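This report refers to the structure that appears directly beneath it.
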Amino acid sequence: MELNFAGKKLIVIGGTSGIGKAVASFVLSNGGSALLVGRREAKTREAVQELGSCGEVSGWSVDITSSAGRATLIDHLHAKHPDATLLVNAAGVFAPKPFLDHTETRL
């Protein structure tokens, strides 16, 4: 598949590993730029450094599990990345336990 992402900026929530990082790499390799959003600062820095050879990439570390973190991210996106045209949400947590031990949590 050949796609041209020239002039497109991707925001990847959960972009420091797995699917999010792979999508960012694909977009960067096809002419786009990317902002990787991750929870851990060191991991975000490492991912930005690794993908830097593929294209223009930056990172932002924030914990979006809190309302304050989400508000900070939104403010940052409005201030620094209003030109973003693409969004991928690849954030997730793997917490293996029996199905019946899971509970519903409301924000």
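The values are calculated or read from the model by the stated rules, or taken from the named source; none is laboratory data. Worth saying up front: this structure is predicted, and the values here are computed from it rather than measured. As a convention, Cβ positions derive from the backbone with ideal geometry for all residues, glycine included, and neighbour counts pool all protein chains shown. Note: accessible area is taken over every heavy atom of the protein model, side chains too, but ligands, DNA and RNA are not part of it. Shrake-Rupley method; radii C 1.70, N 1.55, O 1.52, S 1.80 Å.
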>> Let me spell it out: the conditions are (1) in contact (Cβ under 8 Å) with a residue 12 or more places away in the chain; (2) not in a helix (DSSP H, G or I), and Ser53 meets all of them except one. Which number is the exception?
In response: (1)
> Going by the conditions given, is Asp83 in contact (Cβ under 8 Å) with a residue 40 or more places away in the chain, part of a loop (DSSP other than H, G, I, E, B) and charged (D, E, K, R)?
Replying inline: yes
> What residue, among those in the stretch 1-30 that are among the basic types (Lys, Arg) and open to solvent by less than 50 Å² (accessible area, probe 1.4 Å), is farthest from Leu73 (Cα to Cα)?
Replying inline: Lys21
> Restricting the stretch 73-107 to residues that are over 27 Å from Phe5 (Cβ atoms) and β-branched (Val, Ile, Thr), which is modelled with the lowest pLDDT?
Replying inline: Thr105
> Which of the residues belonging to the stretch 31-56 are in contact with an Asp or Glu (Cβ under 9 Å, 6 or more places away or on another chain), open to solvent by less than 50 Å² (accessible area, probe 1.4 Å) and under 15 Å from Ala90 (Cβ atoms)?
Replying inline: Ala34
>> As an exercise: evaluate Val88 against (1) in contact with a strand residue (DSSP E or B) (Cβ under 6 Å, 6 or more places away or on another chain); (2) surrounded by 10 or more Cβ atoms within 10 Å (Cβ to Cβ); (3) in a loop (DSSP other than H, G, I, E, B) and give the number of the one condition it does not meet.
In response: (3)
>> Can you tell me which residue is nearest to the chain's Cα centre (by Cα) among those in the stretch 57-76 that are assigned to a helix (DSSP H, G or I) and exposed (fewer than 13 other Cβ atoms within 10 Å of the Cβ)?
In response: Ile74
